[in-house]
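Trainee: Let me begin by handing over the structure; questions about it come next.
The values are calculated or read from the model by the stated rules, or taken from the named source; none is laboratory data. This is a predicted model, so every value here is computed, not measured. Cβ sites come from the backbone with ideal geometry, for glycine too, and all protein chains shown count toward neighbours.
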Amino acid sequence: MPEAPRIGRAPVCSSSAAHTCIHRMPFGAEITPEGAVRFRLWAPGARRVELVLYQASDASGARGRYIDMPAGEEGWLELTTREAGPGTLYRYRIDGAVEVPDPASRFNPHDVSGPSQVVDPTAFQWSDASWQCPPWHQAVVYELHTGTFTSEGTFAGVERRLDYLAELGVTAIELMPLADFPGSRGWGYDGVLPFAPDSSYGTPDELKHLICAAHQRGLAVMLDVVYNHFGPEGNYLALYAPQFFTERHHTPWGAAINFDGPGSRAVRDFYLNNALYWLTEYRFDGLRFDAVHAIRDSSTPHILTEIAGAVRRGPGRDRPIYLVLENAGNEARWLGPAGGAGAFDAQWNDDVHHCLHVILTGEADGYYEDYIGHAHALLCRALAEGFAYQGDRSAHLGAARGEPSAHLPPTAFVNSLQTHDQIGNRALGERLARLVENAAALRAAVAIVLLAPSMPMLFMGEEWAASQPFPYFCDFGSELAEKVREGRRREFARFERFSAAALDRLPDPVDRATMHAARLDWHELSEPPHAATLDHYRRLLALRKREIAPRIPKIPAGTCVRLEEEGAFAVDWALTDGSTLHLLANLTDHPVQGVGRMSGRLIFATHPHIRATVTRNRLEPWSVTWLLSRRHARR
């Protein structure tokens, strides 16, 4: 009788030049050493479960062979059979009525409600045995959406642009979620099969080929994972494992995932194995955890701590693994020294983005209201100390937000000027290049994000001011699609700048054209306005690699040393070798009084005669200057 599993057996990666990698999962479909297939499912709410096997020619899964699965302990069922092998399509039939895919499916070639497919991970030969991703302090992250990054919208399409990304100066690609989602269009945050790459992008082997090719070009690859909810369509877990969810906690998407109630051990193991699976079987170099503020867990250790510990003890023993959070709560307690057991390397720093966005656009809707009137001061604090809100009261929330973060190093924060969230959650999905007419203002903001000692992140196409929007899009069925449309209208009706006529112009998220409008036009790179922007990004990233990145391990924290009422500010980062990195910035449209120390070697300036203007105690509009002062010799 099968016992309830925990984490799968030790992952296996052979050590030869051409090697294989597999994470031995304690559930799902696993090929045994004898060539049979072991099927394992947690279905504590089902009276009877049958394994359904389909002929390879039956792509629709209409005719299958039904085999009863023996029941084991604590709701686990297990069956090993030689009637299945690599490529076999299968489902589970619950109580003789409903056929469902495997929740741990490695691949669902016919979308989320179709049959799952048995996959042999050892069939893929890796050729990156010597690969080690750079240490986190060297990272420059590039977030992309597989379906719109290229005209192909596939893993193969991304692979064909890897040389461009390497030449740009980024070091890590962050793929938006790949877990199988309904239909062929989506951001990935409505995934329902967390172990299966969405088939609209390609096969598991094509994803592995992309990662292997990235490693060969010196590029790390991260994956965005969603552990706070399932999508609203195609999730069948509640039919046979209602214990997977709990009414004790609620999230914006409904009942929470059960991480701390009866039956939660199986749920926790599901996600522990998911993290280890992506890092081992696909050799991803890091994970970005979506909206962890919506993960409800009152137990000890918290599921996030347990995942981080398992990663550090597992694949993280032999190579750097990047673990990054998105956490609207600004909870500094999750962040610690890189590689520490149970700790995460960094968090997306929304405060930096929001400050810059308000300074550049003046928008005050939604959470931007917390930054209106004092965005320059909050930006100075965020650049120096991490979070702008460190327990301070948020007017938008009507409550305190955040925890003290000044003790953390700059590497604990990922700064950005644009992300999928901040572009795509707008009504029309406009990028900053469409919202900000002042090119000098944008260039100044870019110079802050790319040269600050915190980790910078770009969103695809940002580096050439791509003109394509990135609106929200999905591919739900008709009933749910109409609810999504109405929900979008209600959401933006609260914004002052949206009249009824403007709401009528909202892109239809379910219309195929909405996703197609978001696909990058790579011909823009050669056009003069876009080419100049791209050159600016490339020069700054080269400067970062040469001047900033080598010094980051010597920077424990920063200090907001001067702030003028007019909006100019200065930040100093004292290095452990006695030198100091200085930032002087005037992010306003008028000259202001000079701030900070104009001393040391000039690293970068937006204005060519910066020393002369500062000598006159004046900073030009939209000016940014970076300097490095050396340790003074003792007399």
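Trainee: Considering each residue of region 161-178, count those that are under 13 Å from the mean Cα position of the chain (by Cα) and not in a loop (DSSP other than H, G, I, E, B), and give that number. Steps first, answer last, please.
Mentor: In the first step, residues of region 161-178 are kept if they are under 13 Å from the mean Cα position of the chain (by Cα); the result is 172-178.
Going one step further and asking which of them are not in a loop (DSSP other than H, G, I, E, B), we end up with 172-175.
Residues meeting the conditions: 4.
Trainee: With the checklist (1) modelled with pLDDT of 95 or more; (2) more than 30 Å from K208 (Cβ to Cβ) in hand, flag the one item E3 doesn't pass.
Mentor: Here E3 meets the rest and fails (1).
Trainee: Looking only at region 259-268, count every residue that is touching a strand residue (DSSP E or B) at 6+ places or on another chain (Cβ under 9 Å) and in a helix (DSSP H, G or I) and tell me the total.
Mentor: 3
Trainee: Would you confirm whether any residue within region 103-114 is among the charged types (D, E, K, R) and in contact with a helix residue (DSSP H, G or I) (Cβ under 8 Å, 6 or more places away or on another chain)? Talk me through it step by step, then tell me what you get.
Mentor: Narrowing region 103-114 to residues among the charged types (D, E, K, R): 106, 111.
Now narrow it down to the ones that are in contact with a helix residue (DSSP H, G or I) (Cβ under 8 Å, 6 or more places away or on another chain): 106.
The answer is yes, given that some residue of region 103-114 is among the charged types (D, E, K, R) and in contact with a helix residue (DSSP H, G or I) (Cβ under 8 Å, 6 or more places away or on another chain).
Trainee: Filter region 525-548 down to the residues that are among the small types (G, A, S), over 21 Å from A441 (Cβ atoms) and either assigned by TED's automatic domain parsing to the domain that holds T625 or touching a residue at least 60 places away in the same chain (Cβ under 8 Å) (or both) and list them by number.
Mentor: Taking region 525-548 first, the residues among the small types (G, A, S) are 526, 531-532, 542.
Restricting the remaining residues to those that are over 21 Å from A441 (Cβ atoms) gives 526, 542.
Passing the criteria: only A542.
Trainee: Something else now. When H354 is evaluated against the numbered criteria (1) buried (at least 22 other Cβ atoms within 10 Å of the Cβ); (2) within 20 Å of the chain's Cα centre (by Cα); (3) in contact (Cβ under 8 Å) with a residue 40 or more places away in the chain, which criterion, by number, is the only one it fails?
Mentor: (3)
Trainee: Touching a helix residue (DSSP H, G or I) at 6+ places or on another chain (Cβ under 7 Å) and either under 30 Å from R47 (Cα atoms) or of a type in the set (A, V, I, L, M) (or both) - does that describe any residue in region 180-192?
Mentor: no
Trainee: Right, next: Quick one: is R401 within 17 Å of H357 (Cα to Cα), among the charged types (D, E, K, R) and assigned by TED's automatic domain parsing to the domain that holds E524?
Mentor: On the way: within 17 Å of H357 (Cα to Cα): no; among the charged types (D, E, K, R): yes; assigned by TED's automatic domain parsing to the domain that holds E524: yes.
No.
Trainee: Is it the case that region 147-160 has a residue that's under 21 Å from the mean Cα position of the chain (by Cα) and of a type in the set (K, R)?
Mentor: Of the residues in region 147-160, the ones under 21 Å from the mean Cα position of the chain (by Cα) are 147-150, 153-159.
Adding the requirement that they be of a type in the set (K, R) leaves none.
No, every residue in region 147-160 fails to be under 21 Å from the mean Cα position of the chain (by Cα) and of a type in the set (K, R).
Trainee: Continuing with this model, one more query. Limited to region 414-440, what total is found for residues that are over 15 Å from the mean Cα position of the chain (by Cα) and acidic (D, E)?
Mentor: 2
Trainee: Consider region 368-388. How many of its residues are in contact (Cβ under 8 Å) with a residue 40 or more places away in the chain and either surrounded by fewer than 19 Cβ atoms within 10 Å (Cβ to Cβ) or closer than 17 Å to S454 by Cα (or both)? Please lay out each step first, then the result.
Mentor: Residues of region 368-388 that are in contact (Cβ under 8 Å) with a residue 40 or more places away in the chain, as a first pass: 376-377, 379-381, 383-387.
Subset that is either surrounded by fewer than 19 Cβ atoms within 10 Å (Cβ to Cβ) or closer than 17 Å to S454 by Cα (or both): 377, 379-381, 383-387.
Final tally of qualifying residues: 9.
Trainee: Just one of the numbered conditions (1) at pLDDT 95 or above; (2) more than 18 Å from E463 (Cβ to Cβ); (3) in contact with a helix residue (DSSP H, G or I) (Cβ under 7 Å, 6 or more places away or on another chain) is not true of Y537; which one?
Mentor: Of (1) at pLDDT 95 or above; (2) more than 18 Å from E463 (Cβ to Cβ); (3) in contact with a helix residue (DSSP H, G or I) (Cβ under 7 Å, 6 or more places away or on another chain), only one is false for Y537: (2).
Trainee: Does any residue in region 188-214 that is within 12 Å of V119 (Cβ to Cβ) and touching a residue at least 40 places away in the same chain (Cβ under 8 Å) come within less than 7 Å, Cβ to Cβ, of a residue that is outside any loop (DSSP other than H, G, I, E, B) and aromatic (F, W, Y) six or more places away or on a different chain, and which pairs are these?
Mentor: Here the result reads F195/Y277; L207/F155, each pair linking region 188-214 to a residue that is outside any loop (DSSP other than H, G, I, E, B) and aromatic (F, W, Y).
Trainee: If E524 satisfies all but one of (1) over 30 Å from A388 (Cα atoms); (2) under 23 Å from the mean Cα position of the chain (by Cα), what's the number of the condition it fails?
Mentor: (2)
Trainee: Look at region 524-582 and say how many of its residues are of a type in the set (S, T, N, Q) and under 17 Å from G169 (Cα atoms).
Mentor: 1
Trainee: Hey, another quick one. Just checking, how many residues over region 232-253 are in a strand (DSSP E or B) and either touching a Leu at 6+ places or on another chain (Cβ under 8 Å) or surrounded by fewer than 19 Cβ atoms within 10 Å (Cβ to Cβ) (or both)?
Mentor: The total comes to 6.
Trainee: Quick check on region 207-216. Is at least one of its residues touching a Leu at 6+ places or on another chain (Cβ under 6 Å), of a type outside the set (A, V, I, L, M, F, W, C) and assigned by TED's automatic domain parsing to the domain that holds M460?
Mentor: The answer is no, given that none of the residues of region 207-216 is touching a Leu at 6+ places or on another chain (Cβ under 6 Å), of a type outside the set (A, V, I, L, M, F, W, C) and assigned by TED's automatic domain parsing to the domain that holds M460.
Trainee: Of W126, W131, which residue is buried (at least 20 other Cβ atoms within 10 Å of the Cβ), closer than 22 Å to T20 by Cα and touching a His at 6+ places or on another chain (Cβ under 6 Å)?
Mentor: Exactly one of W126, W131 is buried (at least 20 other Cβ atoms within 10 Å of the Cβ), closer than 22 Å to T20 by Cα and touching a His at 6+ places or on another chain (Cβ under 6 Å), namely W126.
Trainee: Would you please list the contacts, defined by Cβ atoms under 6 Å and residues six or more apart or on different chains, that run from a residue in region 501-524 that is under 21 Å from F459 (Cβ atoms) and of a type in the set (S, T, N, Q) to a residue that is surrounded by 19 or more Cβ atoms within 10 Å (Cβ to Cβ) and at pLDDT below 95?
Mentor: Final answer for the pair search is T514/P507.
Trainee: Within the bounds of region 622-635, is there any residue that is outside the structural domain of E437 (by TED's automatic domain parsing), closer than 23 Å to R539 by Cβ and modelled with pLDDT under 75?
Mentor: No, the conditions are met nowhere in region 622-635.
Trainee: Of all residues in region 374-389, which are part of a loop (DSSP other than H, G, I, E, B) and either closer than 13 Å to N415 by Cβ or in contact with a His (Cβ under 9 Å, 6 or more places away or on another chain) (or both)?
Mentor: Let us first name the residues in region 374-389 that are part of a loop (DSSP other than H, G, I, E, B), namely 374, 386-389.
Correct list: G386, F387, A388.
Trainee: I've got another one for you. Mind listing just one residue for me: the one in region 71-85 that is assigned to a loop (DSSP other than H, G, I, E, B) and modelled with pLDDT of 95 or more and, of those, surrounded by the fewest Cβ atoms within 10 Å (Cβ to Cβ)?
Mentor: Looking only at region 71-85, we keep the residues that are assigned to a loop (DSSP other than H, G, I, E, B), and these are 72, 82-85.
With modelled with pLDDT of 95 or more added as a condition, the list becomes 82-85.
Values: R82: 10, E83: 12, A84: 23, G85: 14.
Among those residues, the one meeting the criterion is R82.
Trainee: In addition: Answer with yes or no whether A256 is in contact (Cβ under 8 Å) with a residue 40 or more places away in the chain, in a helix (DSSP H, G or I) and in contact with a strand residue (DSSP E or B) (Cβ under 8 Å, 6 or more places away or on another chain).
Mentor: Taking the combined requirement at face value, the residue does not satisfy it.
Trainee: Only one residue in D318, D285, D351 is at pLDDT 95 or above, within 30 Å of H215 (Cβ to Cβ) and assigned by TED's automatic domain parsing to the domain that holds G402, so which one is that?
Mentor: The unique qualifying residue is D285.
Trainee: Scan region 86-121 residue by residue and report those that are surrounded by 15 or more Cβ atoms within 10 Å (Cβ to Cβ) and β-branched (V, I, T).
Mentor: Across region 86-121, the qualifying residues are T88, I94, V100, V112, V118, V119.
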